[in-house]
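Contents: one structure, followed by commentary.
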Amino acid sequence: MRSSARAFSPASVGNVGVGFDILGHVIEGVGDTVSVRRIDEPTVRIAAIRGTTVDLPLDAPHNTAGAALIAMRDALALPFGFELEIDKGIPLGSGMGGSAASCVAALVAANELLDAPLARAALYPFALVGEAVASGGRHGDNLGPMLLGGLVLATADRLAKIPVPAAWHSVLVHPDAVLETRRARAALQGSYELKEFVAQSANLALVLAGCHAGDPSLVRAGLEDVLVEPRRAPLIAGFDAAKRAALDAGAMGASISGAGPSVFGWFETRAAAEAAAPKIQAAFAEAGFDSQAWVSPIDSPAARVLGNTGT
């Protein structure tokens, strides 16, 4: 029986503009790593958190990864427990799914230590519990793609992977700024008009249809967030210029990644995405922010086990 395992979960683009709380895709090049050890005590404890200057909760019930493993233990009535160490690679408050990544990496590693490991989708309910600790809500737009890879539609109780042409790539640019998820959600309070929901539903349908058909013209017609982006954009210095830079560089669409302040764009080729990245960064530089950029296939790999030891 394995006694320990390590897993890596990539960062993600939540919402993808038109799919608030239900649509997301992973990116390559950055993520969180969690090491999990099976212990005899029927509890979950966090031994260490590294890679951040912010004090994150070591108390398992108040930590995304810890809460997810507690949910797993309770649901499966496990007679043993877990000890975990978290290595953060995703900037906090970046709109890149940092809380979800720690949660998913912990679950994927712990799953390797079960007598009968579960299918990836079966980990989703436990991940929702962990995500709620950080954001205050049970939404799976980051969790789904981390568990399955690529672009995923995540409802309250179901994950559906959406096919995307292999050639399509994303650019994610993270300015050196922090926007807390709870503050970004507070900006969404207020009234909405029915026509906004109709327009957003139409745009989401166009994007999903375009992905299934491999038709970039449908995605270009639909990848425009008319519901959330107008309310959050004022919180992100340089956003308008960054979005315009992406569109001018040929993006099929561009918007806020997750709660922000990161910005993403979708492109038909890797070459186009790579050419656009420095232009988006230049827009943030004009606003006074250094930034990092990642270019990756929209259909990038899911969280993965890095290795396990012990018997």
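Read-outs throughout are calculated quantities, based only on the coordinates presented, and are distinct from any laboratory measurement. Everything quoted here is computed from the prediction, not taken from an experiment. All Cβ positions, even for glycine, are placed from backbone atoms using ideal geometry, and neighbour counts span all protein chains on display.
Treat every Asp and Glu Cβ in the chain as -1 and every Lys and Arg Cβ as +1, leave all other atoms uncharged, and give the resulting dipole magnitude about the Cα centre to the nearest 20 debye.
So the dipole magnitude of the chain works out to roughly 240 debye.
How big is the dipole moment of segment 163-296 about its Cα centre under a simple scheme where the beta carbon of each Lys and Arg is +1, that of each Asp and Glu is -1, and everything else is neutral? Debye, nearest 20, please.
240 debye
Among S170, L194, V104, which residue has its Cα positioned farthest towards the positive end of the charge dipole of the chain, with +1 placed on the Cβ of Lys and Arg, -1 on the Cβ of Asp and Glu, and the dipole taken about the Cα centre?
Result: V104, furthest along the dipole toward the positive end.
Rounded to the nearest 500, what is the chain's calculated 222 nm mean residue ellipticity when only DSSP H runs of at least 4 contribute -39500 (n - 2.57) each, over all residues?
Value at 222 nm, helices only, nearest 500: -10500 deg cm²/dmol.
Using 1/(1 + (r/R0)^6) with R0 = 25 angstrom and r between the beta carbons of L194 and E28, what's the FRET efficiency to the nearest 0.05?
Plugging the Cβ-Cβ distance into 1/(1 + (r/R0)^6) gives 0.05.
I'd like to compare 146-154, 133-141, 175-183, 11-19: which one has the highest average count of other Cβ atoms within 10 Å, and what's the full order after that?
Peptide ranking by packing, descending: 11-19, 146-154, 133-141, 175-183.
Using only alpha carbon pairs under 8 Å that are at least six residues apart, calculate the relative contact order of segment 47-175 and give it in whole percent.
It rounds to 22 percent for segment 47-175.
Which FRET efficiency value, to the nearest 0.05, is calculated for A233 and L114 with the Förster distance at 41 angstrom and r the Cβ-Cβ distance?
About 0.40, to the nearest 0.05.
Which residues' amide hydrogens lie under 5 Å from the amide hydrogen of I49, considering only partners 5 or more residues apart or on another chain, with H built in the peptide plane?
Those lying under 5 Å, H to H, from I49 are I86.
For F20, F197, F8, what ranking results if the residue with the fewest other Cβ atoms within 10 Å of its Cβ goes first?
F197, F20, F8
Only counting other Cβ atoms within 10 Å, I'd like S170, S35 sorted with the fewest neighbours first.
So the residues, fewest neighbours to most, are S35, S170.
Before anything else, pin down the relative contact order of the chain: Cα pairs under 8 Å, at least 6 apart, normalised by residue count, whole percent.
Relative contact order for the chain comes out at 26 percent.
For segment 189-311, with the dipole built from +1 on Lys and Arg beta-carbon atoms and -1 on Asp and Glu ones, taken about the Cα centre, which of V305, V226, S262 lies farthest toward the positive end?
Farthest along the dipole direction, towards plus: V305.
Of G24, L69, T52, which is farthest towards the positive pole of segment 1-116's charge dipole, taken about the Cα centre with +1 and -1 on the beta-carbons of Lys, Arg and Asp, Glu respectively?
Positive-end residue among those listed: T52.
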